[in-house]
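Written below as structure tokens is the structure these notes are about.
The values are calculated or read from the model by the stated rules, or taken from the named source; none is laboratory data. A quick note: this is a predicted structure, and the numbers were derived from the prediction, not measured. Glycine also receives a Cβ, built like all others from the backbone with ideal geometry; neighbour counts cover every protein chain displayed. What goes into the accessible areas is simple: the full protein's heavy atoms, side chains included, and nothing from ligands, DNA or RNA. Shrake-Rupley method; radii C 1.70, N 1.55, O 1.52, S 1.80 Å.
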Amino acid sequence: MTFLAIDVGNTRLKWALYDAPRPGAALIAHGAEFLDHIDRLAEGSWASLPHPERMLGCVVAGDAVKRRVQEQMELWDVAPSWVVSSAQEAGLTNGYDHPSRLGSDRWVAMIGARHHVLARGPARPLVVVMVGTAVTVECIDTEGRFMGGLILPGHGIMLRALESGTAGLHVPTGEVRPFPTNTSDALTSGGTYAIAGAVERMYQHLLQHCGQEPACIMTGGAGWKMAPSMTRPFELVDNLIFDGLLEIAARRFGG
Ligand SMILES: Nc1ncnc2c1ncn2[C@@H]1O[C@H](COP(=O)(O)OP(=O)(O)OP(=O)(O)O)[C@@H](O)[C@H]1O
Ligand SMILES: CC(C)(CO)[C@@H](O)C(=O)NCCC(=O)O
Ligand SMILES: [K+]
């Protein structure tokens, strides 16, 4: 039973076609499009795909974008379904004040990360970092309760904010340095260590709360750029959102 997973982010749509709606399914094809270009999916990279029989997605980009994606999906006879963050799903409980207001990308990525940890050993606390247009840092306790998380501007947004809010900060990308001695390095290092520092802080909160070393998982397109600057070893996982969608799909579609 072919299964299409879709992650509609703030900047890009990412999709992956699997041979079944379950964790460990074989990947048949995958791709990504900037949101400006999604209206070409049906005549572009989706045109030659085997028909998906089931679909599940998460979307943070708003209803207009969701409708544009569903229009492209009319190519196939498959019902669109989108994850909404809830109080409980796939073994995770949601500690948000209003569970449905939690970004569904965050919720799905946490489900993927939790099962990643459980697949390798006993349950333990978990810090999940997603590095994209925005950065999120989530804390999950040993029992699988999402305790809370941070939302930060991503690296690109930080730099653009500095460029537009100051008189003369227009410089090429620099290197991450412990003691930056030029503007490019100062900006690149500032953004990187802002993220790394926020993550370290959440790690400390969770360690203190649970009294046990948390597992650390990082995902998102720029995760590999952040990894060398983290204060703890982070396991890089390619796409936690797809992993989470497969977990949820297995429970909904009986894969
Ligand atoms: N050196 C860096 N360190 C940290 N983050 C970076 C770095 N370079 C780029 N980024 C961030 O990575 C983002 C791109 O990551 P990714 O490809 O996951 O995002 P996206 O798919 O565009 O986002 P979304 O999932 O929200 O649509 C950029 O927007 C930028 O904020
Ligand atoms: C925080 C982002 C932008 C990260 O992609 C997204 O998850 C979102 O729009 N969330 C809704 C607000 C919240 O999660 O509290
Ligand atoms: K995203």
(message) Helix-only estimate, please: 222 nm mean residue ellipticity of the chain, summing -39500 (n - 2.57) across DSSP H runs of length 4 or more and dividing by its residues, to the nearest 500.
(response) -11000 deg cm²/dmol
(request) Convert each backbone phi in segment 183-198 into a coupling constant with the Karplus relation 6.51 cos²θ - 1.76 cosθ + 1.60 (shift: θ = phi - 60°), then list the ³J(HN,Hα) values in order as whole Hz, x for Gly and Pro. (result) 4, 4, 5, 4, 6, 5, 5, x, x, 5, 6, 4, 5, 4, x, 5
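Taking the Cα centre of the chain as origin, work out the dipole magnitude from +1 charges on Lys and Arg Cβ and -1 charges on Asp and Glu Cβ, in debye rounded to 20.
Charge dipole, the chain, about its Cα centre: 380 debye, nearest 20.
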(message) Just to check I understand the Karplus step: with θ = phi - 60° and J = 6.51 cos²θ - 1.76 cosθ + 1.60, what whole-Hz values come out for segment 9-25, glycine and proline as x?
(response) x, 6, 10, 9, 9, 10, 9, 8, 9, 10, 7, 7, x, 7, x, x, 4
(request) Mind checking the per residue accessible area of the chain for me, 1.4 Å probe, whole number of Å²? (result) 48
(request) Over the chain, calculate the relative contact order: mean separation of alpha carbon pairs under 8 Å at least 6 apart, over the residue count, as a percent. (result) 20
(request) Give a residue-ordered list of calculated ³J(HN,Hα) values for segment 80-88 (Karplus: 6.51 cos²θ - 1.76 cosθ + 1.60, θ = phi - 60°; whole Hz; x for Gly, Pro). (result) x, 9, 10, 6, 10, 4, 10, 6, 7
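Find me the longest stretch of the chain that has none of the exposed GluC sites (Glu not before Pro), where exposed means in a DSSP loop (not H, G, I, E or B) with at most 13 other Cβ atoms within 10 Å. Please report the intermediate quantities before stating the final value.
Working: sites that count: Glu43, Glu74, Glu143, Glu175.
So the longest stretch without any such site is 176-255.
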(request) Provide the descending list of Cα extents for the chain along its principal axes, expressed in whole angstroms. (result) 57, 44, 32
(request) Using a 1.4 Å probe and ignoring any ligands, DNA or RNA, find the accessible area of Thr142 and quote it in Å² to the nearest 10. (result) 30
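Compactness ratio of segment 3-82: Cα Rg over 2.2 N^0.38 Å, N = residue count? Please report the intermediate quantities before stating the final value.
Values: Rg = 11.5 Å, N = 80, 2.2 N^0.38 = 11.6 Å.
Dividing the Cα radius of gyration by 2.2 N^0.38 Å gives 0.99.
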(request) Report the calculated FRET efficiency for Ser184 and Ala227 (r = Cβ-Cβ distance, R0 = 22 Å), to the nearest 0.05. (result) 0.60
(request) Apply 1/(1 + (r/R0)^6) to the Cβ-Cβ distance of His51 and Ala79, taking R0 = 22 Å, and write down the FRET efficiency to the nearest 0.05. (result) 0.95
(request) Compute the separation of the alpha-carbon centres of segment 10-51 and segment 181-255 and state it in Å as a whole number. (result) 24
(message) Taking just the alpha carbons, could you work out the radius of gyration and Dmax for segment 27-150, both in angstroms?
(response) 16.5, 46
(request) Would you mind telling me the share, in percent, of accessible area of segment 3-82 contributed by carbon and sulfur at probe 1.4 angstrom? (result) 45
